[in-house]
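The numbers here are math on the coordinates, done by the rules we state, and not lab data. Predicted model only: the values in this text are computed from it and were never measured. So basically every Cβ, Gly included, is an ideal-geometry build from the backbone, and we count neighbours across all protein chains shown.
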Amino acid sequence: MKTISQVAQLTGVSVRTLQYYDEIDLLKPAAVTDAGYRMYDEAALERLQQILFFRELDFRLKEIKEIMENPEYDKQEVFRKQKKMIRAKRDRLTRLLKLLDKLEKGEDCMSFDAFDLTEYFELMENFKQQNEEEVIRVWGSVENYERL
């Protein structure tokens, strides 16, 4: 078990952020001591890691919570999709770096292809739509989902 301070130091996530995740029921500690200290076990750290992957991909906390609380949530499938989205993000950054290399060398390069986020946004949107359908199925209707 790790204290909230140890988790913050290990992950680079602030203590306040971890407290907030607890407040909104996104990441609950495994235990709370008599003195009120939050303690995190391996399962909580795995959940935090998954949250951080979603945050890296610019998902909102509400979206992350909905996805992870879905009874049909398949961690391995989500890993595959996240990997694909992170690769698309990496490829875009690689293109931007190559463009900067050319510009730094004084080459006249007016390409804007490197800024294209189409593939990344399509992957994100597909992921969100697939999970939205699952959440709607669980909640029973589009109206219930939209109230979340």
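Things worth noting here:
- Rounded to whole Hz, the Karplus (6.51, -1.76, 1.60) HN-Hα couplings of region 70-81, x for glycine and proline: 5, x, 8, 4, 10, 4, 5, 5, 5, 4, 4, 5
- Mean separation of Cα pairs under 8 Å and 6 or more residues apart, divided by the residue count, gives the chain a relative contact order of 16 percent.
- The chain, helix-only ellipticity at 222 nm - DSSP H runs n ≥ 4, -39,500 (n - 2.57), divided by all residues, nearest 500: -21500 deg cm²/dmol
- Highest-MSF residue in the chain out of F54, F112, F79 [GNM, Cα springs under 10 Å]: F112
- For region 36-53, backbone phi angles converted through the Karplus equation (6.51, -1.76, 1.60; θ = phi - 60°) give residue-by-residue couplings of x, 7, 7, 10, 10, 9, 4, 5, 5, 5, 4, 5, 4, 4, 4, 4, 5, 4 Hz, Gly and Pro being listed as x.
- Check: the chain dipole with +1 on Lys, Arg Cβ and -1 on Asp, Glu Cβ, in debye: 480
- Per-residue Karplus couplings for region 93-110, computed as 6.51 cos²θ - 1.76 cosθ + 1.60 with θ equal to phi - 60°, are listed in order as 5, 4, 4, 5, 4, 5, 4, 5, 4, 5, 5, 5, 7, x, 5, 7, 9, 9 Hz, Gly and Pro entered as x.
- A Förster radius of 22 Å, combined with the Cβ-Cβ distance separating R95 from F121, puts the computed FRET efficiency at roughly 0.90.
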